[in-house]
Amino acid sequence: MSKTTKLSATAIFLICLLSFFTNKALACSCITPPFREMYDASTLVFEGTVIDIETPKDEYSLEPVNVMFHVPRVWKGKSENTITIYTEKHFIACGYPFRDKPGNTYLVYAYELEGQLNTNTCSRTRLRSHALENLFRLNVRNNLLGVSAIIASILLIGTILVLFLRRRHGQDSINRLL
């Protein structure tokens, strides 16, 4: 085998090897953000059961997958009975793989893009059964906000009552009350 043939064979081998690795570089690559960061960045956070999935028929279509949900619970954003979320068709474009049949329940973190609600694999969207930590954090967050609102209301009512009594009856009536 001549030196030129060996160089040509080596060059062809390297080109094939590089093209193999280049395809892998096109795949979706992301790190799921921490809970608080994803919650704050989301337009809508909800629990929903898939009602319908509309996937473009054309394999090479750039049209998104439309996923319609029945929504029993919303933690952030506008609450509606049904919500349609869009995601890229292909996983390599970071589309969330809603490939299953209707009936599964998800925790969905959605963001608004060009007037549509979207999600992707880089969000914290998960099957409900795989999102227990997130569900716990969402419930604690909402319950703490509720408790904080109750405490703030009690303090506000107490302050108003003290000011009212002080104005009406003077400091002595407040001292007797306490």
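Just one of (1) surrounded by fewer than 14 Cβ atoms within 10 Å (Cβ to Cβ); (2) of a type in the set (S, T, N, Q); (3) modelled with pLDDT of 95 or more trips up THR10, so point out which. Result: THR10 fails condition (3) only. Just one of the listed residues (LYS76, LYS89) is surrounded by 15 or more Cβ atoms within 10 Å (Cβ to Cβ), closer than 28 Å to VAL140 by Cβ and not hydroxyl-bearing (Ser, Thr, Tyr), and it is LYS76. Name the residues in the range 40-63 that are within 14 Å of THR119 (Cα to Cα) and touching an Asp or Glu at 6+ places or on another chain (Cβ under 6 Å), would you? Listed by number, the list holds a single entry, THR43. Filter the range 92-116 down to residues that are of a type in the set (Val, Ile, Thr), over 26 Å from PHE136 (Cα atoms) and either within 12 Å of the chain's Cα centre (by Cα) or surrounded by fewer than 12 Cβ atoms within 10 Å (Cβ to Cβ) (or both), then give me how many there are. Matching residues across the range 92-116 total 0. Within the set PHE98, PHE136, PHE91, the sole residue that is touching a residue at least 40 places away in the same chain (Cβ under 8 Å), on the phi < 0 side of the Ramachandran plot, out of contact with any Pro (no Cβ under 7 Å at 6 or more places or on another chain) and among the hydrophobic types (A, V, I, L, M, F, W, C) turns out to be PHE98.
Looking only at residues in the range 33-72 that are among the polar types (S, T, N, Q) and within 10 Å of the chain's Cα centre (by Cα), the one that is nearest to CYS94 (Cα to Cα) is SER42.
Mind counting the residues in the range 36-65 that are buried (at least 16 other Cβ atoms within 10 Å of the Cβ) and within 24 Å of ASN134 (Cα to Cα)?
Filtering the range 36-65 for residues buried (at least 16 other Cβ atoms within 10 Å of the Cβ) gives 38-39, 42, 44-48, 50, 64-65.
Restricting the remaining residues to those that are within 24 Å of ASN134 (Cα to Cα) gives 38-39, 42, 44-48, 50.
Matching residues across the range 36-65 total 9.
The values are calculated or read from the model by the stated rules, or taken from the named source; none is laboratory data. Predicted, not measured: the structure shown is a model, and the values here were computed from it. Every residue, glycine as well, gets a Cβ built from its backbone with ideal geometry; the counts of neighbours run over all protein chains shown.
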